[in-house]
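To start, the structure under review is shown below, and the notes come after it.
Bear in mind these aren't lab numbers, they're just calculated from the coordinates by the rules spelled out. Bear in mind that the values here come from a model prediction, so they are computed numbers and not experimental data. Here the Cβ positions follow ideal geometry from the backbone for every residue, glycine too, while neighbour counts run over all protein chains shown.
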Amino acid sequence: MMSRRKYLGLMGSAPLMAQAPAAAPAAPELDWHEAKKFTVEGQGFKDVKSVYDRLPLRAEATVRPEVWGLSRNSAGILVRFMADTRAIHARWTVTGKNLAGVNITAVASSGLDLYAKTDAGKWRWLGIGKPTKFPDNTDALAEGLIPGYREYMLYLPLRNNVTALEIGISKDAKITPGPQRLPGAKPIVFYGTSITHGISASRAGMTHVAILGRMMNREVINLGFSGNGKMEPEVTKFVAEIDAEAYVLDCLPNMNAKEVTERAENCVNTLRGAHAKTPILLVEDRNYGNGFLVESRKKHNDDNHDALRAVYAKMQKVKFPGLFYLKADHLVGLDGEGLIDGSHPTDLGFMRQAIEFQKVLAKMLK
């Protein structure tokens, strides 16, 4: 008779049964649709070199190379569509190998950002498209959606160039272009710097420009050029080509006081020459978060503000029509928490900016 000890020893030496690998979940059945056939917003020009560029091909020979390169980023461009799908996927192609930056996430720089409109008519965040490789990405943005035919809004990357975008929805689900915004409304055009461009928002829908579009139910056009928003005549003439509801000039973070004095009035006059009644907003550069102790940063802010205020006062003296002004005092708050590096906003800073911009834009658009 086998002893208990020997029996247990044999049991311990018996090979374990190999477990079969878990079956991978079946890929959902999807119908794929070219995004361009739906409602695309945030582009002021149709004669572009690539499908989601922000300046026309004509600009390549006119603006500085840095501006031209940045204009090919899809910042502020979005796609609006209606669908009754249970799932939303996307596949997209980017041209930049660097999917992220030192002060911008990969999701914001090279990914997608999806919002849905609630039954109450409010926009709510729903999902992201995660960029994981170059150049092609595919991701599920949202799955297991409650049945219903509703509107969606998909923001494109802030700091990369998109050459192709497709939206995947449940097999045989209905999808149509997003409806018209306010009847007859024109876009609000923002010309600015890296802050306008969207550095360092966590995702594309969190820039103040994008937030304002949702707040005010308006199309917005983002002409932010990181490090290169300088009120240059070569760029301003293209801004003036866009028939806008309002123009926002927020270039001071990339300028010094001398440049402000030399260029601001000419920039405003170019816009007014092309559009006699369109309101124009001059914006002071946000106060540096550490300017309360770093003397050079405080001086840069103060000198820029003084120069822009002098331009505004001069134009007010001659009763220049439709010119508005936004001070820096509360743009990103007074606690330093609204900036990631003392200069570029956190999501909190972008929300604070949106609130301050909305106050003055509401008056401008009455």
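Side notes on the structure shown:
- Among 265-274, 223-232, the order from most to least packed when residues are scored by Cβ within 10 Å on average: 223-232, 265-274
- Per-residue ellipticity at 222 nm, computed for the chain from helices alone with -39500 (n - 2.57) per DSSP H run of at least four residues, works out to -8500 deg cm²/dmol.
- Taking every DSSP bridge with both residues inside the chain, close to 70 percent are antiparallel.
- Paramagnetic label zone (point 7 Å from Cα along Cα-to-C-beta, residue 119; backbone N under 20 Å) in the stretch 72-107: 82-87
- Listed residues 197, 33, 344, most fluctuating in the chain (Gaussian network, C-alpha, under 10 Å): 33
- With the cut-off at under 16 Å, measuring from each backbone N in the stretch 80-106 to a point 7 Å along the Cα-to-Cβ line of residue 294 picks out 103.
- To the nearest ten degrees, helix 4-13 and the longest principal axis of the Cα atoms of the chain are 50 degrees apart.
- Amide H to amide H distances under 5 Å link residue 324 with 280, 281, 282, where only residues 5 or more positions off or on other chains count and H is placed in the peptide plane.
- Cα gyration tensor, the stretch 188-364 - rounded (a/c under 1.5), prolate or oblate: oblate
- Loop-located chymotrypsin sites (Phe, Trp or Tyr not before Pro) in the stretch 266-317 (DSSP state not H, G, I, E or B) with no more than 15 neighbouring Cβ atoms inside 10 Å: 292.
- Ordering 66, 356 from the fewest to the most neighbouring beta carbons within 10 Å gives 66, 356.
- Distance between the pseudo-spin-label points of residue 217 and residue 262 (7 Å out from Cα toward the beta carbon): 4.6 nm.
- Taking the C-alpha atoms only, the angle from helix 257-274 to the longest principal axis of the chain is near 90 degrees.
- Among the listed pairs 174/366; 237/317; 37/277; 49/230; 49/237; 258/317, a Cα-Cα separation exceeding 27 Å is found for 174/366; 37/277.
- When DSSP beta bridges are restricted to pairs lying wholly in the stretch 188-364, around 5% turn out antiparallel.
- In this structure, residue 103 and residue 176 have a Cβ-Cβ separation that, at R0 = 51 Å, corresponds to a calculated FRET efficiency of about 0.85.
- Rough spin-label spacing in nm, given labels placed 7 Å along Cα→Cβ, for residue 276 and residue 313: 3.1
- Principal-axis analysis of the Cα atoms of the chain puts helix 295-317 at an angle of about 50° to the longest axis.
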